[in-house]
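Reviewing the structure listed below.
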Amino acid sequence: MLNMNFDERLAINTQKQEWQASPSSTVWRKPLERGAKESGHTTSVVKYDAGASFKQHSHPYGEEILVLEGVFSDEHGDYPAGT
């Protein structure tokens with residue numbers, strides 16, 4: 001469990017956080033909150049190396065993605081910066 005008390009106000013300076021490895025060797029993350037290790041409710045800043053891919057996996061509690069730079073692609077389409 002990480003920062004899961006939504007009744008508390010919280011500010012996280014992600015510039016001071018180190019990138020952490022994900023299950024994919026080409027995907028990096030900075031966790032902001034997490035209910036369980038690799039499933040459940042989670043929010044992270046994520047960085048994909050050029051040409052990176054991630055194995056098919058589910059997000060039973062949903063997933064939100066905001067693309068800041070580059071293009072994110074999945075089985076539903078391609079999403080450029082700002083989507």
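Gain in length, ALA50 to THR26, computed as 0.36 nm per residue apart minus the alpha-carbon separation, to one decimal in nm?
On the way: separation 24, 0.36 × 24 = 8.64 nm, distance 0.82 nm.
Roughly 7.8 nm would be gained on extension.
Rounded to the nearest 0.05, what FRET efficiency do ALA36 and ASN13 give with R0 = 35 Å and r taken as the Cβ-Cβ distance? Could you check? Before the final figure, lay out each step's value.
Values: r = 24 Å, r/R0 = 0.70.
With R0 = 35 Å, the Cβ-Cβ based efficiency is 0.90.
Ignoring ligands, DNA and RNA, what percent of the accessible area of the chain is carbon or sulfur (1.4 Å)?
Numbers: 3490 of 6890 Å².
The value for the chain is 51 percent carbon and sulfur by accessible area.
Over the chain, calculate the relative contact order: mean separation of alpha carbon pairs under 8 Å at least 6 apart, over the residue count, as a percent.
Working: 104 pairs, mean separation 16.8, N = 83.
Across the chain, relative contact order equals 20 percent.
Out of VAL46, VAL27, VAL71, any idea which swings most in a Gaussian network model of the chain, alpha carbons joined below 10 Å?
Sorting by GNM fluctuation, first place goes to VAL71.
Going through the range 29-83, which trypsin sites (Lys or Arg not before Pro) have at most 14 other Cβ atoms within 10 Å and a DSSP loop state?
On the way: sites: ARG29, ARG34, LYS37, LYS47, LYS55; in loops: LYS37, LYS55.
Hits after loop and neighbour filter: LYS37, LYS55.
Using the alpha carbons of the chain, what is the convex hull volume per residue in cubic angstrom, as a whole number? Display every interim value, and only then the final one.
Working: hull volume 9.9 nm³, N = 83.
So the per-residue hull volume is 119 Å³.
Counting only heavy atoms of the protein chains, get the accessible area per residue of the chain (1.4 Å probe) and round it to a whole Å² value. Don't skip to the end; give the middle numbers.
Values: 6890 Å² over 83 residues.
For the chain, the per-residue accessible area is 83 Å².
MET1 versus ASP78, label points 7 Å from Cα toward the beta carbon: distance in nm?
So the two model labels end up 4.3 nm from each other.
The values are calculated or read from the model by the stated rules, or taken from the named source; none is laboratory data. Since the model is a prediction, treat every value here as computed from it, not as a measurement. Positions of Cβ are generated from backbone atoms using ideal geometry, with glycine treated the same way; all protein chains shown enter the neighbour counts. Protein only, heavy atoms only, side chains kept; ligands, DNA and RNA dropped before computing areas. Shrake-Rupley method; radii C 1.70, N 1.55, O 1.52, S 1.80 Å.
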